[in-house]
1. Check off (1) over 25 Å from G17 (Cα atoms); (2) assigned to a helix (DSSP H, G or I) for D120 and give me the number that stays unchecked.
2. Out of everything in the range 143-196 that is under 24 Å from G113 (Cα atoms) and of a type in the set (G, A, S), what residue ends up being surrounded by the fewest Cβ atoms within 10 Å (Cβ to Cβ)?
3. Please list, ordered by residue number, the strands (runs of 3 or more DSSP E) wholly in the range 147-218 having 1 or more residues that are in contact (Cβ under 8 Å) with a residue 24 or more places away in the chain and out of contact with any helix residue (DSSP H, G or I) (no Cβ under 7 Å at 6 or more places or on another chain).
4. Can you find a residue in the range 108-117 that is surrounded by fewer than 21 Cβ atoms within 10 Å (Cβ to Cβ) and in a helix (DSSP H, G or I)?
5. List pairs: first residue in the range 252-279 and within 23 Å of G10 (Cα to Cα), second residue modelled with pLDDT of 95 or more and part of a helix (DSSP H, G or I) anywhere in the structure, Cβ distance under 7 angstrom, at least six positions apart or on different chains.
6. Failed condition for G267, given (1) within 16 Å of D205 (Cα to Cα); (2) in contact with a strand residue (DSSP E or B) (Cβ under 8 Å, 6 or more places away or on another chain); (3) of a type in the set (G, A, S); (4) modelled with pLDDT of 95 or more, with all others met?
7. I'd like the full set of residues that are among the hydrophobic types (A, V, I, L, M, F, W, C) and either touching a residue at least 60 places away in the same chain (Cβ under 8 Å) or crowded, with 19+ Cβ neighbours inside 10 Å (or both), limited to the range 219-238.
Amino acid sequence: MKVGVVIPMGPDDGSGGTFGWPHIRQMAEAAEAAGFDSIWVYDHLIFRFPDAPAQGIHEAWTTLTALAVATHRVELGAVVFAMPFRNPALLAKMATTLDEISDGRLILGVGCGWHEPEFDAFGFPFDHRVGRFEEALKVMVPLVRDGRVTFHGQWHQADVEIIPRWQRPDGGNIPILIAGKRPRMRQLVAEYADAWNTAWLGTVDELAPRLAPLLETMAEIGRDPASLEITVGVNVSAPGMPGASPDAASGSALRGSAGELAAGIRGYADAGVGHLICALDPGTPEMVELLGRALSMAR
């Protein structure tokens, strides 16, 4: 099982500000040095919640591209890119370019988005999100996999090919990861995805209820479950560590010593998970080091 780390690039719970590029780069370098298989970013534009000041976050694609140059080995992904923020044909073009820059390390995670205030703030439509997402997949997936598409739908149109078209040394394609758990999204996962993500969990006991409906959907369309990689986003916290949030000791998370975290990682590996994606609290190099020790013990 691969294990990755989400790189903090939004609100800093410790200072009330936003993590800057030096911290983002330091975290990515620490994760690669600690032996993790991947690094991940969130795709948001602004956070606006009732009775709270607005909070910022760095733009995900720009950040991920910079991290592709700052690292050498780890895979690069987003959990997940909000498809409505970018034209799907352009997103496919961006993905193939970044995959070449990173020498074939991109995992293209996509979803519908969920935080309506940021859609309103930046002028993106929030209606018919799943319908728009399905059309976007019909544009993006053929472009990423085959390099050409012609499509005319209600919300999206494209008649385009990817030039230049870089090919991975192993001849494979950029893996497409989709996050979603409702019936229509499960159907799209079963039809289009190479990998599926469910988040945010704590212990492995929370996985089976999430996974069962997807397996039923795959059986309905006759797709072999072994052809879909299962990925899980999991919260990992260390209460009492400097920089930890006030609620690090509560909620759904793996927490504790390196040995306890290792046991949690092994639980997911034993359950057949292909990729574990860890969101850290606190988001510091010291937490990366702790989880890195746990990863070494788990393996």
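The values are calculated or read from the model by the stated rules, or taken from the named source; none is laboratory data. A quick note: this is a predicted structure, and the numbers were derived from the prediction, not measured. Backbone-built Cβ (ideal geometry, glycine too); neighbour counts: all protein chains shown.
1. Single failed check for D120: (1).
2. Checked the range 143-196; the qualifying residue surrounded by the fewest Cβ atoms within 10 Å (Cβ to Cβ) is G153.
3. Because the criterion is at least 1 residues that are in contact (Cβ under 8 Å) with a residue 24 or more places away in the chain and out of contact with any helix residue (DSSP H, G or I) (no Cβ under 7 Å at 6 or more places or on another chain), the strands (runs of 3 or more DSSP E) in the range 147-218 that meet it are 176-179, 195-201.
4. So far as the range 108-117 goes, yes, one or more of its residues are surrounded by fewer than 21 Cβ atoms within 10 Å (Cβ to Cβ) and in a helix (DSSP H, G or I).
5. S252/E206; L254/L261; L254/G264; L276/I265; L276/Y268; C278/L291
6. (2)
7. Scanning the range 219-238 gives L228, I230, V232, V234, V236, A238.
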